[in-house]
Every structure is written in C-alpha cells, then in structure tokens.
Amino acid sequence: MAINAPYLGIPAPGQRSRRRESRLFPALRRAPLPSAVLRRLRPGALSADHRLPVVRRAGRALGPGRGTRRRAFLHRGASRDSAAFKPYVPYLVLLVELDTQRGRPTEHEALRVFGNLTTPDGVLAPPDLVRSVGIGSRVRMVFSDVAEGLALPQWTLDETVPQPAVPWRYPQE
Amino acid sequence: MSVQQDLVTTTPGHLRDKYAIVGVGETEYLRGSGKTTRALGTIAVRKAIEDAGLTPRDVDGMLSYSSGDSTFAPFIAGDLGIRAEFLHGRVRRRLVDRGAGRHGDRRDRGRHVPHRRDLPRHERLFAGSDRRHGARAAAPMVGDMLHGRAYGWESAGQMFSPTFMRHMYDYGTTPAQVAHVKTIHSEHASNNPKALYKKRYSVDEVLGSRIICKPLHLLDCCVETDNGTAIVVTSADRARDGRHPRVLIRGVVGRCTKPRADMHYQAGPISTVAGHYAREILWPNAGVSPEDIDVTGSYDAFTFTTMLQLEDYGFCKKGEGGDYVSNGTIRLGGRRPNNTSGGHLCEGYTHGLSMVIENVRQLRHDADDSCPVGPDGRRQHSYDYREGGCRQVKRAELTANMGWANPATGSAMVMRRD
C-alpha cells in the first residue's frame, strides 16, 4: 500500500508492503540489533511495514557497546532548492561507520550510514549541538518519524559512551 | 578486420597518436543569455567546424554529452545540415534502449562505435550547459533520493563535501591552500577576454566569502553559465590538411570508477578520487608520465576537485595536493600551469570541455588572449602574465585534462603538439 507523507514539507512517497522492509523494521524493534539487519539497512529500505515507536526503542536497540562511530562528516549549509531545510541551518550530514562493521571486509570497505545529526527525539539538531560534533564523535541511531509506517534513520550524540575531548571540526567556524 | 585485431583496440598502443583534434568552437560564457541550448550548441558546433576549415557536409557523426537541458546531437545535426552516419545523443540512446535492455550494453555501444568503424572522417562532440542544479522543493522524494535528499544532501557541493572534508582530516590540508586554486585561476581568467569573471581574487577574499556548505566558500564554487562548446576530431592523417598545427590525442581514459561508483563512501579511502585508478590507464596509454606534462586542465567545479585530481593522477604525492596547488606550480609562469583559461571557477562552467579547448589552443601556441595579432595572422605572445596580459604557456608540448563526474568517477586525456 502506498504511503504519501511529507517530511519537512517534501513529499515522500513509500510502499508499505515491500518484502525487505517488512522483515527489516520489525527486526529493528528488537534488541540487541543484529549486524545482519544493519547490513540490510540501506536507502531503499526507509519505508516501513510498521510504525516505529522510534526514539527510545531504537536507542535501546543499539545500546551501550553497540553504539556507532562517526568517521567522516559533511558540512552545514542549506541546499539551494531545499527550502525545507532552511529553518534548520546549520544542519549536519553525518557519514557514520558502524562499530559492528568497522574493518569488514577491509579497512576501506565497510557499511557506512548517512543521516542528519538530530536530538534524541529525531529533530534536526540546534546550532550549539551541531558545533559540538565532529569527526570522531560517537553517535547512536534514532529515527525521525515521518508518518504512519515511514521513518528516517538519524544520528544523535551517544550519551552513554565517552566522547573525544575535541572532535575534528572544519578549522573555520 | 579480424576478431584478433578488434580485441587489440583497447591496448595502449592502439589509440596513441591515431586521432587529432582539428577544430574547437565555443559560444560566449554568459549568465541569462536568453538563448536556447539548441542555439548555443549549434553556434558552438558551427564555429568548431569553421575552425577546422571544414563544412557541415564533411562531418560524419556526432557525440553529445546530454545532461540537464542540453540539446541532443540529432537536433544540432539537423540544424546545420549534417547527414550523420552515426549520432550519439539521448534521443538515439533511448531508441537503442528499448532493444538493448542493460545500461552497460548501450553505453558501450555508444562509446565505441566511432573507434570500431574504419576511420570516420570527422566526428565531433558538444556540450551545452544551461542546467539548473538541485532538486525542486516540490518534487517528490523517490528512490535513491531518500538516501540523500531527505537529509538535505543533494547539491553537487553537498555530495562531494565528505571527500573534501576527509582530505583535510587525513592530510591536514588547509582552507588557505585550497583557496589558491581560485586565486590562481582568477589570475588566468584576467588574461582571458572571454571569461565571465575576470577579476583577480586574493586567498583572503576567498576565505572571507560566505560559507555555502563546509568546506566550500562561495568563491570555492564554480559559476554556472549558458554556453556551448564543441571539438572536431579526425584521423591523424586527415588532420595534416587542417588549418592549425595538429593536436594529437595520446591517450584517454573514460569514466573510470572507484570500487563503488554509486556510493563511494562505502569503499574508501574517502579522500581518494577516481583518478587514483584512472592514472593506471592514462599514463601507460599516453606513454608519458605526469612529470612530462607542460599544462594541466583539471575540472574545477570546486577548488577541491582540482586539487584532488592533480594529486590522485600523480602530479604530487598523495596528501600533498594542498601544497601542490599553493606553491606556484599551477600558476602561469610556474612549472605546470593549470586551467590557463580560468576554468569553470572563472571562465564559466561547461562540463569540462572548455578546458580541452583551452589546451588545444595552448598546444597550437595560439591562446586567445589580448596579445596583438601579427601580420602573419598569428598572435605575438609576450609571455607577460600580469593582469590583462598574455596567457600562452611557453613551449607547450604536452597537456593533460582531467574530468570529473563525482569523487568516484572520472575521465582524462593527454594531448600533444605534433
């Protein structure tokens, strides 16, 4: 069944009944998160068969020791045409290397997952939070609810593990 | 032609010096030109044919780079009265598509047709750029857009930024080093009467311009323009009859990729670009090394793309790109000037082909700067590179062009003066 929901005002159509997703998202609700499930977490699988009671569930699912490690990050800034993001500038796009995947199969080949930096409840992070995060920061996955049956994986600072004293940031603030 | 001979067409020796660029043409570089891409493409192609001393009837075929709202080869051919024996453009590709099925098949077919045929007399290629980047706010988010657009990660600068950032993290590359690319290209553009932006910029001005998306300042980004560009290619033998000194194609590499061409961040190193792989094809095919090259043309949609390509094609050691682009090497008068026209950052954006045109002129020793034209019809170059002056490189014999699709995909070509 088709879903047509706006995310930040951008129409985001999806399908409820695709087989891969119907396996993936119920699995995401269980803890701890098996790496086999994360491996299947890819862009095509963002729409879900079930509504995700995201925030707390996902946090527990990843849990201490199952956290994620951020390896490279993007930037702040608005896409020229995405007026949708304008209220959230500066926002951060993260490329996150997963602890469970790091070094597999090689140092330079591993599953990495994009997402925005958000607050623990999946809202795009405010400026002071954005400025506290850089390469080396540890994050955990949460979800931004889009609609019934549709959620986006996002990243928030992992408050359960030590953070680097000074994560790498672009030198010119 | 036997099967065995057909197979060896991909070996390094086959292509080297077999074909030559004999004509180049371009429109003005403007913003808001008020012209259609069809008009721009037709003007550029006509100029390239004239530059080669040919007429449209001499042309056998056309290849076009169809992107955004470019006009496709069949339209330009019709407008100029060309009956082509082959055309490569989106219209044809779609027709082939229905029969062929897989994407790989149809791309290969399109690309290799010219070389499998028995020496087509003249083929040409044009690119018109009048496109509008980025997605529309109202357009629905479908397919792979969920991976990027939902995160506000969709424009070219945003998509490439992880590579740029990671290079700074891995190697300590500084914003000021990279800003030199704009500074130096703007110096070159100030000696290029047709450049859209002729003003010279300092490193401080680049770093002082507003951030678009980190690490890109406004002046780290190219300028989109309306323009058309075209080149005429023919066999080395026929090129002897041309109006200009022959510019021979030594070697090419086309759309070489990193292990993942779609999401290269999954197969790093993130700070490495496709040139790392492409150079293993380019230099053996051309039979020369980076050290032999006199002039480079490196796609400068952003200051960083130039640096990353020069580094990964081997003009300096990995990680030393920041020093290479800021130590004077790439400046006119330096050891190996880059983008002597001002490139996409200053002259205008045209998918990389304008840098090929520039290097053809450099190899003809006929850069179209402000130097006076002598009684023999040739420009009397002063080699005085001060503002408004000369931009011809002394004794240019070998050039390298490095094209970019994204960090994971690139193309390149080495040319030499006959």
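So for the pair A:Thr119, A:Thr160, with labels modelled 7 Å out along Cα→Cβ, what separation do we get in nm?
2.1
Let me know the mean shielding of A:111-121 by other chains, meaning the per-residue number of their Cβ atoms within 10 Å of its Cβ.
Average per residue, whole number: 2.
Keeping every protein chain in place, order B:Glu280, B:Glu205, B:Glu358 by accessible area at 1.4 Å, biggest value first, i.e. largest first.
Numbers: B:Glu280 120, B:Glu205 75, B:Glu358 5 Å².
Ranking B:Glu280, B:Glu205, B:Glu358 by accessible area, largest first, yields B:Glu280, B:Glu205, B:Glu358.
Ranked highest first by the average count of other Cβ atoms within 10 Å around their residues, in what order do A:105-114, B:212-221, B:182-191 fall? Don't skip to the end; give the middle numbers.
Numbers: A:105-114: 15.9, B:212-221: 23.4, B:182-191: 26.4.
Ranking, from highest mean packing down: B:182-191, B:212-221, A:105-114.
Take the Cβ-Cβ distance between A:Thr106 and B:Arg395 as r, set R0 to 41 Å, and report the resulting FRET efficiency rounded to the nearest 0.05. Present the calculation step by step, with values, prior to reporting the outcome.
Working: r = 45 Å, r/R0 = 1.10.
My answer for the efficiency is 0.35.
Which entries of B:Lys182/B:Lys214; B:Lys258/B:Lys318; B:Lys182/B:Lys258; B:Lys194/B:Lys214; B:Lys35/B:Lys194; B:Lys198/B:Lys394 show an alpha-carbon separation above 25 angstrom in the structure shown?
Details: B:Lys182/B:Lys214 16 Å; B:Lys258/B:Lys318 16 Å; B:Lys182/B:Lys258 27 Å; B:Lys194/B:Lys214 30 Å; B:Lys35/B:Lys194 17 Å; B:Lys198/B:Lys394 22 Å.
Exceeds cut-off: B:Lys182/B:Lys258; B:Lys194/B:Lys214.
How would you rank B:273-279, A:135-141, highest first, on the average number of other Cβ atoms within 10 Å across their residues?
Details: B:273-279: 24.6, A:135-141: 22.1.
In descending order of packing, they fall as B:273-279, A:135-141.
Quote the accessible area belonging to B:Tyr29 in square angstrom, nearest 10, computed with a 1.4 Å probe and with ligands, DNA and RNA left uncounted.
Estimated to the nearest 10 Å², B:Tyr29 gives 10 Å².
Let me check I've understood the local charge: for B:Asn285, count other residues with C-beta under 13 angstrom from its C-beta, Lys and Arg +1, Asp and Glu -1. What total comes out?
Working: positive: B:Arg16, B:Lys18, B:Arg250, B:Arg279, B:Arg416; negative: B:Asp17, B:Glu280.
After counting each charged neighbour, the total is +3.
From the square roots a ≥ b ≥ c of the eigenvalues of the alpha-carbon gyration tensor of region A:87-173, which class results: rounded (a/c under 1.5), prolate (a/b over b/c), or oblate?
Working: a/c = 1.78, a/b = 1.09, b/c = 1.64.
Judged from the Cα gyration tensor, region A:87-173 comes out oblate (a/c at least 1.5, b/c at or above a/b).
By the gyration tensor of its Cα atoms, with a ≥ b ≥ c the square roots of the eigenvalues, what is the shape of region B:294-343: rounded for a/c under 1.5, prolate for a/b over b/c, or oblate?
On the way: a/c = 1.68, a/b = 1.17, b/c = 1.44.
Taking the square roots of the gyration eigenvalues as a ≥ b ≥ c, region B:294-343 is oblate.
Please say if region B:349-418 is rounded, prolate or oblate, where rounded means a/c under 1.5 for a ≥ b ≥ c the square roots of the C-alpha gyration tensor eigenvalues, and otherwise the choice is prolate for a/b larger than b/c and oblate otherwise? Don't skip to the answer; put the middle values down first.
Numbers: a/c = 2.73, a/b = 2.00, b/c = 1.37.
Prolate is the answer for region B:349-418, as a/c is 1.5 or above and a/b outweighs b/c.
Taking the full set of protein chains and a 1.4 angstrom probe, give the accessible area of B:Arg240 in square angstrom, rounded to the nearest 10.
That residue has around 150 Å² of solvent-accessible surface.
Give me the extension gain from B:Asp204 to B:Glu50: residue separation times 0.36 nm, minus the current Cα-Cα distance, reported in nm with one decimal. Display every interim value, and only then the final one.
On the way: separation 154, 0.36 × 154 = 55.44 nm, distance 4.29 nm.
That pair, B:Asp204 and B:Glu50, stretches by 51.2 nm at full extension.
Keeping all protein chains in position, work out how much accessible area B:Ser202 exposes to a 1.4 Å probe, and write it in Å² to the nearest 10.
Accessible area, nearest 10 Å²: 50 Å².
Could you order B:Asp170, B:Asp368 so the one with the most accessible surface comes first? Probe is 1.4 Å. Mind showing how you got there, number by number?
Details: B:Asp170 65, B:Asp368 35 Å².
Order by accessible area, largest first: B:Asp170, B:Asp368.
The values are calculated or read from the model by the stated rules, or taken from the named source; none is laboratory data. None of the values given here were measured: they were computed from a predicted structure. Every residue, glycine among them, receives a Cβ derived from its backbone with ideal geometry; neighbour counts consider all protein chains shown. Only protein heavy atoms, including side chains, enter the accessible area calculation; ligands, DNA and RNA are left aside. Shrake-Rupley method; radii C 1.70, N 1.55, O 1.52, S 1.80 Å.
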